[in-house]
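Taking it in order: structure first as structure tokens, then the write-up.
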Amino acid sequence: MEINFITFLAAAVVTLVIGFIWYNPKVFGTIWMRENNFTEDDLKKGNMLKIFGFTYIFSVLISMALMSFTIHQSGALGMIGGPPMIESAKPSFHAFMADYGTAYRTFKHGALHGFIAGLFFAFPVIGINGLFERKSWKYIFIHAGYWMLTLTIIGGIVCAYA
């Protein structure tokens, strides 16, 4: 199983593209700004290079982490000690990978697991933070919905192309 690292770089762009749409004032941006007590002027004050740069870097890390959720063969690879150990792996590993190395490596399968990661990981984390920060349910659902959609698409890309 070879890993295409370009896929992680490409998948990371998804957070930015969906964010531009999701948080647009015509979609959820106006509600999001109201829930955060932001004005348009407040948003212009941020360091956009820093915000978008770190968002992209963090998104690369997220896309790499989703590989373990979406690509089941990663578990088999981990059982032998990772990629450096492929050559010395037992014949049973090579037979398994020959038979099942591409099983469930589709966009649809990755999207399912990405959605599950969003629903059972991102949503609860955002919910907990939102509750302690005394944020509204609108705030929580806007962010959770964004991450559920984003992780669904990133999961599909990573599973199909990594």
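Picking from residues in segment 132-162 that are open to solvent by 20 Å² or more (accessible area, probe 1.4 Å) and of a type in the set (Phe, Trp, Tyr), the one that is farthest from the chain's Cα centre (by Cα) is PHE132.
If you check ALA95, ALA10, ALA89, which single one turns out to be in contact (Cβ under 8 Å) with a residue 40 or more places away in the chain, over 27 Å from LYS135 (Cβ atoms) and either out of contact with any Pro (no Cβ under 7 Å at 6 or more places or on another chain) or open to solvent by 50 Å² or more (accessible area, probe 1.4 Å) (or both)?
Working: ALA95 fails: in contact (Cβ under 8 Å) with a residue 40 or more places away in the chain; ALA89 fails: in contact (Cβ under 8 Å) with a residue 40 or more places away in the chain.
Just one listed residue meets the conditions, ALA10.
In segment 98-124, the qualifying residues are those that are under 14 Å from the mean Cα position of the chain (by Cα), free of Cβ contacts under 8 Å to residues at least 40 places away in the same chain and open to solvent by 30 Å² or more (accessible area, probe 1.4 Å), and the one that is nearest to ALA144 (Cα to Cα) is PHE123. Put simply, of LYS50, LYS26 the only residue that is of a type in the set (Lys, Arg), assigned to a loop (DSSP other than H, G, I, E, B) and open to solvent by 40 Å² or more (accessible area, probe 1.4 Å) is LYS26.
Just one of the listed residues (PHE123, PHE132) is more than 21 Å from ILE21 (Cα to Cα), modelled with pLDDT of 95 or more and among the aromatic types (Phe, Trp, Tyr), namely PHE132.
The values are calculated or read from the model by the stated rules, or taken from the named source; none is laboratory data. Keep in mind that this is a model prediction, so the values were computed, not measured. All Cβ positions, glycine included, derive from the backbone under ideal geometry; neighbour counts span all protein chains shown. Side chains included, ligands, DNA and RNA excluded: accessible areas come from the protein's heavy atoms. Shrake-Rupley method; radii C 1.70, N 1.55, O 1.52, S 1.80 Å.
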